[in-house]
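Here is the structure we will look at.
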Amino acid sequence: MFLCLRKEIWTKKLRNRFKMSQKGKVVVNALVTGGSASGGPPIGPAVGPTGINIKDVVDEINEQTMVFKGLTVPVRIECDPETKQFKIFIETPSTASLLLKEAGVEKGSSECSENKIGNLALEQIIQVVEAKKNKFLDKDFKTALKTILGTALSVGLTIEGEDPREIQKRIDNGVYDDKIQGEL
């Protein structure tokens, strides 16, 4: 009974880790540290049974995630066991991770309304919007910028020495229209 239950739990974990697609491809979803993925878990055990060279997969992931060095990056690997080919799809890290990297800190504030951990320029916030532009449901640049400012508030950052809510009000009033324009 116990062995059967453990096997069932293990099977569910494996099913969540990688899936067979309709065409016989294996899809592996993993979180890796940008620029320093290894052949160990979660990539090695999932890709190994397909017969694809794990080192080639890891080298390709490290090459593509080098721009996110040190951040946790979601990665999707599609493996075709028959042809031994693979495709790697890199997602962007979380907005909070990108903001913390811009601020040069490792952890956000636990009391964001009282303890501020850093200050960013509006140009740095715009860079984060550019990095995340494919993930926004809104296609308006102002709305996306205000969303990022809300995240900056929640991790304890100030923008140009002020509360992000003040910057959001100025955006609504058109103060930064020369810097912010168009759609994503």
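We did not get these values from a lab; they are worked out from the coordinates using the rules stated. Every value quoted in this text rests on a predicted model; they were computed, and no experiment measured them. FYI the Cβ positions are ideal-geometry reconstructions off the backbone, even for glycines, and counts take in every protein chain you see.
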(request) Highest first, please rank the peptides 95-104, 171-180 by the mean number of other Cβ atoms sitting within 10 Å of their residues. (result) 95-104, 171-180
(message) What whole-number distance in Å separates the alpha-carbon centres of segment 120-184 and segment 52-73?
(response) 30 Å
(request) Percent of Cα-Cα pairs per 5 Å bin, from 0 to the last occupied bin, for the chain, please list those. (result) 1, 8, 14, 15, 13, 12, 11, 10, 8, 6, 3, 1, 0, 0
(request) Let me know the whole percent of all Cα-Cα pairs from segment 95-173 that are separated by more than 15 Å. (result) 49 percent
(request) Normalise the Cα radius of gyration of segment 54-143 by 2.2 N^0.38 Å (N = residues in it) and let me know the number. (result) 1.38
(message) Can you sort 126, 77 from fewest to most other Cβ atoms within 10 Å of each residue's own Cβ?
(response) 126, 77
(request) Step through the table entries 84/132; 101/146; 87/139, compare each Cα-Cα distance with 25 Å, and write down the pairs that go over it. (result) 84/132; 87/139
(request) Using DSSP to define loop residues, name the GluC sites (Glu not before Pro) in segment 120-178 whose beta-carbon has at most 15 other beta-carbon atoms within 10 Å. (result) 160
